[in-house]
Amino acid sequence: MAGIFAFKCRSCGDVHEGSPSFAFRAPDPYVNLSAEDKASRATLDSDVCTIAYEDQTDRFIRAVLEVPIHGQEDPFLWGIWVSVSEKSLQRYLDTLDDPVPGDGFFGWLSNQIGIYPSADMRPANVFIQQEGDRPKVVIHTNGRENDPLVIDQQNGISVERAQELAELAMHGQGREE
Ligand SMILES: [Zn+2]
């Protein structure tokens, strides 16, 4: 039976309702730019970010990464940015109003998720959704069998683990907001 995820928080004592959802406002490479570089080199809106360097331009789109919660209808949700090629970005923008079912492309996760640290960038497949829904990312499993985020995305997590991760993400180490 699917239910609504809710728990009494061991950190703040409140009851948090709804499956946990955390969003990054920008990809890490943008956040790390100086104010001057943000203004002169980069663009950022709610769905697309670009950074122009001397020799190349990096392009990012906003996507969602879902981690299923066992027995719950809604997944644990991360609003993250992925780095994509010029061609992929063009395709994404061209089909934004009329997405093609089954469309997708490759991308690199471009946010460090505090509770899921990673020494390197995670490769992923980006799956285009119906109009109005952000693309979904599924991390490549090959060679990343020991990555806790890969394991959680593949297997899903228990309600207990979801609560624990939500408490850490909201109040503890790895806080993103
Ligand atoms: Zn709390």
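Peptides 153-162, 57-66 ranked from most to least packed by the mean count of surrounding Cβ atoms within 10 Å: 57-66, 153-162. Amide H contacts for Arg122 (H built 1.01 Å from N in the peptide plane; partners 5 or more residues away or on another chain; cut-off under 5 Å): Leu109.
Across segment 31-90, Cα pairs under 8 Å and at least six residues apart give a relative contact order of 24 percent.
Within the straight-line cut-off of under 30 Å between alpha carbons, the lysines reachable from Lys38 are Lys87, Lys136, sequence neighbours fewer than 8 places apart in one chain being disregarded.
Each peptide in 100-108, 72-80 gets a packing score, the mean of other Cβ atoms within 10 Å over its residues, and the list from highest to lowest is 72-80, 100-108.
Taking the DSSP beta bridges with both ends in segment 6-171, the antiparallel portion is around 85 percent. Phi angles across segment 123-135 convert, under the Karplus curve 6.51 cos²θ - 1.76 cosθ + 1.60 with θ = phi - 60°, into 3J(HN,Hα) values of x, 8, 9, 10, 10, 6, 10, 4, 3, x, 9, 5, x Hz, Gly and Pro given as x. Separation of segment 10-67 and segment 80-148 by C-alpha centroid, Å? The distance from the Cα centre of segment 10-67 to that of segment 80-148 comes to 13 Å.
Which whole-number percent is the relative contact order of the chain (Cα, under 8 Å, 6+ apart)? 22 percent. For Val64, the residues whose amide H sits under 5 Å from its own are Ile80, Lys136, Val137, ignoring neighbours fewer than 5 places away on the same chain, with H placed 1.01 Å from N. Per residue of the chain, the DSSP helices (runs of n ≥ 4 H) give a summed -39500 (n - 2.57) that works out to -6500 deg cm²/dmol at 222 nm. Based on every Cα atom in the chain, Rg and the maximum pairwise Cα distance Dmax equal 17.0, 54 Å.
Taking the average, over residues, of other Cβ atoms within 10 Å as the packing measure, peptides 20-27, 34-41, 5-12 rank 20-27, 5-12, 34-41 from highest down.
Bear in mind these aren't lab numbers, they're just calculated from the coordinates by the rules spelled out. Since the model is a prediction, treat every value here as computed from it, not as a measurement. Virtual Cβ from ideal backbone geometry, glycine too; neighbours counted across all protein chains shown.
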